[in-house]
1. Only sites in a loop by DSSP and with at most 12 other Cβ atoms within 10 Å count here; which chymotrypsin sites (Phe, Trp or Tyr not before Pro) in segment 89-198 make the cut?
2. Please give, to one decimal in nm, the separation of the simple spin-label points placed at residue 77 and residue 215, each 7 Å out from Cα toward the Cβ.
3. Place a +1 charge on the Cβ of each Lys and Arg in segment 76-130 and a -1 charge on the Cβ of each Asp and Glu, then give the dipole magnitude about the Cα centre in debye, rounded to the nearest 20.
4. For segment 50-260, build the convex hull from the C-alpha positions and give me its volume per residue in Å³.
5. Give me the extension gain from residue 89 to residue 106: residue separation times 0.36 nm, minus the current Cα-Cα distance, reported in nm with one decimal.
6. List the GluC sites (Glu not before Pro) within segment 128-214 that DSSP assigns to loop and that have no more than 15 neighbouring Cβ atoms inside 10 Å.
7. Hey, with R₀ at 25 Å, roughly what FRET efficiency would residue 122 and residue 65 work out to, going by the Cβ-Cβ distance, to 0.05?
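What follows is calculated from the coordinates using simple rules that are stated; it is not laboratory data. None of the values given here were measured: they were computed from a predicted structure. Every residue, glycine as well, gets a Cβ built from its backbone with ideal geometry; the counts of neighbours run over all protein chains shown.
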Amino acid sequence: MNALIAALLLATAGQDDTTSTLPEPMQQPLPADWTPPPKPQPREVYGVHLAIDIPVIVVGGAAGLVRILFENKLVHKDCPCNPDGINRLDRWTVRYHSEAASIAADATVYSVLSALPLVDLFALGFGRAWGEDLVVYVEALAVDTALQNATNFIVARPRPRTYAGDPAFVNSGEGYLSFYAGHVSTAFAGLAVAAYTIRKRYGEQVWPWIVGALIASSVAVERVASGHHFPTDVGVAAVVGTGIGIAVPWLHLRRWETRVQIAPVGAHGLGLAGTF
């Protein structure tokens, strides 16, 4: 024990002596022509082709505009409707009509979809990478808007509140556009684009998918609780929106993000191997 204490004292003394004898650090003057190193630019994940992307965005936006301007003329209103004709999975939601849930769904969708590009801007700053992210994001929402509106008018399914006899829905074209749920599809599409972009720029990340799924699922619950959609409406919307939110960014990946090559399989076979 005495030897150990002595060793510790000697080590401490040695450290003190060393510290006291060290010279003060010398401040080297910078060369006159010295410039700070350039700030590293954010990694560009996507490649955009505005000659294709802009028309796609315009068509998607036009689909939403057509709905606003002409939905009452394009929809055939044929209710009051008998709820007994609804499948058992959906029939129980006819009695739901929560205005609070409707407001919550609107607030969630509009606030989240507005915040996502702003968060990306805060992370990347103005530049090419952010601009490409924004084009891909807007294009995914445009494709989702076009597909959901086309499906709404083709199917023309009455909403739960239309079946319940709510005059505001029975007498309005909007009351017959239940399938599939636009709010839900849009939420899943936008959040899927964000999660996919984070994965490609920063590496495999699980948390954006979990957070996105929870937020978008809350919109689905709210739209059912408000009486705007049936469970099958929001279920299909979640699948379609997620698919669009993955497919559109994937189609815009830069060439080095997708590699496909022919590789030998077994002794006498060939196959395709790739990384995505």
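1. Here the sparse-neighbourhood loop sites are 126.
2. Taking the two extended label points, one gets 3.6 nm.
3. In debye, rounded to 20, segment 76-130 gives about 100.
4. Spelled out: Cα convex hull of segment 50-260, divided by residues, is 135 Å³.
5. Numbers: separation 17, 0.36 × 17 = 6.12 nm, distance 2.48 nm.
Extending this stretch completely gives an extra 3.6 nm.
6. For GluC sites (Glu not before Pro) across segment 128-214 that sit outside H, G, I, E and B with at most 15 neighbouring Cβ atoms in 10 Å, the list reads 204.
7. The formula returns an efficiency of 0.25 here.
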